[in-house]
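The values are calculated or read from the model by the stated rules, or taken from the named source; none is laboratory data. Remember, predicted model here, so these are calculated numbers, not experimental data. Neighbour counts run over all protein chains shown; Cβ positions are idealised from the backbone, glycine included.
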Amino acid sequence: MPDSPEYPPEANENFEGFLPADDEHISREKRKARELRQSQWWKNELGKGVCHWCGRRFRPSELTMDHIIPIIRGGFTRKGNVVPCCKECNSKKQYLLPSEWREYMERQKQASPPKEP
Ligand SMILES: [Zn+2]
């Protein structure tokens, strides 16, 4: 399977293996996430109105912040690891295994035909 270009290499390395994060890490990164949500950078990201995973368009109010590497797996709240995500993808990502999630994404890409030029 070819590497997806929007998937950072560091995410590929860590996503499959479970990295237990301690409580301190989780509370710190969640606090940073709350701060990042207030930032102009994040508002710009939401303003693009596109879900990172399925690529469909949404209103900014319909998008949430998603961590590519989840905080509980040792992911950090920083640009490159947080992406706008629609609620449907967000909830699916939470209960799917990483490999199942990648299959879901592949199906999403095939399901949405390329736009007319
Ligand atoms: Zn989505």
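Here is how the numbers come out for the structure above:
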item: Of the criteria (1) surrounded by fewer than 17 Cβ atoms within 10 Å (Cβ to Cβ); (2) in contact with a Phe, Trp or Tyr (Cβ under 9 Å, 6 or more places away or on another chain); (3) closer than 23 Å to Ala21 by Cα, which one Ser91 fails; result: (2)
item: Matching residues in segment 19-50 - criterion: being part of a loop (DSSP other than H, G, I, E, B) and exposed (fewer than 10 other Cβ atoms within 10 Å of the Cβ); result: Pro20, Asp22, Gln38
item: Single condition Trp53 does not satisfy, out of (1) at pLDDT below 95; (2) surrounded by 17 or more Cβ atoms within 10 Å (Cβ to Cβ); (3) in a helix (DSSP H, G or I); result: (3)
item: Glu62 vs. criteria over 30 Å from Asp22 (Cβ atoms), of a type in the set (Asp, Glu) and at pLDDT 95 or above; result: yes
item: Positions within segment 54-75 being among the aliphatic types (A, V, I, L, M), without any contact (Cβ under 8 Å) to a residue 60 or more places away in the chain and within 14 Å of the ligand (Cβ to nearest atom), in sequence order; result: Leu63, Met65
item: Subset of segment 79-97 that is more than 13 Å from the ligand (Cβ to nearest atom) and in contact (Cβ under 8 Å) with a residue 12 or more places away in the chain - its residue that is nearest to Gln40 (Cα to Cα); result: Lys79
